[in-house]
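Enquirer: Before I ask anything, let me first share the structure, which is written out below as structure tokens.
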């Protein structure tokens, strides 16, 4: 059975991320992946796929907002969405939004 | 002529719940490249065979197909790895043009028996037999008609499966044996449970990850919550869960028959001389444009195919910026691309196929800038589709639910079409 090119694709899909929390469950650090372009000796970019990635733990300097989203609860546990969102300011001044999937207990980063 | 399929060869799994449920047949030509190789050289039938992609600019050759029953090798695997596991396997170059030509002939033969045929992949086609049952009488007669249409033209191992969805029809076809058909109904969950995850039509790396998690059977996946599968494996995980539970709502999309004009010649001697090759192309284009089908019409694409002496077949596609309505227009574009192409070896023959036939003779430009931009975009998409053979993966952002609490529901990517 072959895959067919889809006509509609999701946008800004969340990606799983590693988060360290304190005893209260609040995030204190987030691991982000940075793509580093690999340059040749002459300073020209190499073809796609030659880049390397680096994951780095960044401390949370401030939790700017916390809110919960509870959707599709009427469709049962299989389809229910229950998330606890955190708008974070990291110590490099970068802003990220992460959430904890309360049903599966997995952390995700919400795309911007 | 006795049909190779009879009512006694019809196997069924599960029970029929509703006579009106959707009925789809999957026509499967298993190991198509291997079957092609065996038809050229019967001695290969009893040998372990690995069919590999030809020598290209890519650094690694991969396995395209293999002989039935060969273990330790799967399609898509690196050739080096496959041969290290089967040192006695015979290596055969994949003949993609011949495989595509054979596939096209099978699809055309199917369309003589049933109207709606979907070309899913090389060697896999889906047929909507729901309405056709009224024409032929019952499922058995429909399958007989399909098998007759194909078997009268080709001496191939063809399997037929029937189910209420494309997925179940495909699984049924995989289970069927030569000259039998198999039918799965909506109550076939028990049957699906024992199948390996390698049958799923998802990324191979996702399948490897699932196996690392201990999910080796569809039953292992079906027992997990759908949300957990989606969280861990993304969209592939959700798809796997649906299919493991026999859920497939994808519609059957009948293919659009494309008109083509094809001309062929054989060189007296194999040649790499560009002048000889260009002369051959010019001759073939002259013949093609003299055909009644191309009278007052234009072509958007030209495909060149040739058998290369002691090498894999050579294929070159030329998509015209403007539809070509004459030999000279087409030849100009082909020569331009040929100048920057390396012929891989002496050509033994040459085939020119013109497709994307259109009746356009003149263009009327719009004076409104926005409409002109949309027209230009539509033309570009059409040409790109001709070049790559499927709708181009170009999307625009479409706002769906701007006030949704779930951020990824607010917008989506919608594929552009011409």
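Derivation of every value follows stated rules applied to the coordinates shown; laboratory data play no part. Given the structure is predicted, the values throughout are model-derived calculations rather than measurements. Note that each Cβ is placed from the backbone with ideal geometry, even for glycine, and that neighbours are counted across all protein chains shown.
Enquirer: What is the distance, in nm, between label points placed 7 Å from the Cα along the Cα-to-Cβ direction at residue B:339 and at residue B:212?
Expert: 5.0
Enquirer: Okay, next question. How shielded is B:406-413 by partner chains, expressed as the average number of their Cβ atoms within 10 Å of its Cβ atoms?
Expert: 6
Enquirer: Sticking with this structure for a sec: May I ask for the angle, rounded to the nearest 10°, between helix B:274-289 and the longest principal axis of chain B, with both axes built from Cα atoms and the value confined to 0 to 90°?
Expert: In chain B, helix B:274-289 runs at an angle near 80 degrees to the longest axis.
Enquirer: Round to the nearest 0.05 the FRET efficiency obtained for residue B:250 and residue B:311 when R0 = 56 Å and r is the Cβ-Cβ distance.
Expert: According to the calculation, E is roughly 0.90.
Enquirer: Highest mean first, what order results for A:93-100, B:71-78, B:380-387 on Cβ atoms within 10 Å? Working shown, then result.
Expert: Numbers: A:93-100: 16.0, B:71-78: 13.8, B:380-387: 17.8.
Top of the packing list down: B:380-387, A:93-100, B:71-78.
Enquirer: Moving on. Given the rule -39500 (n - 2.57) for each run of at least 4 DSSP H residues, summed and divided by the residues of the protein assembly as shown, what is its mean residue ellipticity at 222 nm, to the nearest 500 deg cm²/dmol?
Expert: When only DSSP H runs of four or more count, the value is -8500 deg cm²/dmol.
Enquirer: Also: From other protein chains only, count the Cβ atoms within 10 Å of every residue's Cβ in A:13-26, then give the mean.
Expert: Rounded to a whole number, the mean comes out at 1.
Enquirer: Further question: For residue B:372 paired with residue B:291, estimate the spin-label separation in nm (one decimal), with each label point 7 Å from Cα along the Cα-to-Cβ line.
Expert: The modelled label-to-label distance comes out at 3.6 nm.
Enquirer: For the peptides B:166-176, B:101-111, what is the packing order when you average, over each peptide's residues, the other Cβ atoms within 10 Å and list the highest mean first?
Expert: B:166-176, B:101-111
Enquirer: So the label point goes 7 Å from the Cα of residue B:415 along Cα→C-beta, right? Which residues of the stretch B:374-396 then have their backbone N under 16 Å from it?
Expert: Answer for this model: B:381-396.
Enquirer: How do A:81-90, B:204-213 rank on mean C-beta neighbours within 10 Å, highest first?
Expert: My ranking of the peptides, most packed first, is A:81-90, B:204-213.
Enquirer: Ok, one more. Report the label-to-label distance for residue A:31 and residue B:399 in nanometres (one decimal), using points 7 Å from each Cα along the Cα→Cβ vector.
Expert: Label-label distance for residue A:31 and residue B:399, simple model: 3.8 nm.
Enquirer: Which angle from 0 to 90°, rounded to the nearest 10, does the C-alpha axis of helix B:139-151 make with the longest principal axis of chain B?
Expert: For B:139-151 against chain B, the angle is about 30 degrees.
Enquirer: Now for a different question. Can you give the angle from 0 to 90° between the axis of helix B:166-175 and the longest principal axis of chain B, with both taken from C-alpha atoms, to the nearest 10?
Expert: Roughly 80 degrees, rounded to the nearest 10.
Enquirer: In whole angstrom, note down how far apart the Cα centers of the stretch B:239-261 and the stretch B:204-218 are.
Expert: 24
Enquirer: Under the definition of partner shielding as Cβ atoms of other protein chains within 10 Å of a residue Cβ, what is the mean value for peptide A:66-72? Before the final figure, lay out the partial values.
Expert: Working: counts 0, 1, 1, 4, 1, 4, 1.
Partner-chain Cβ atoms within 10 Å, mean over residues of A:66-72: 2.
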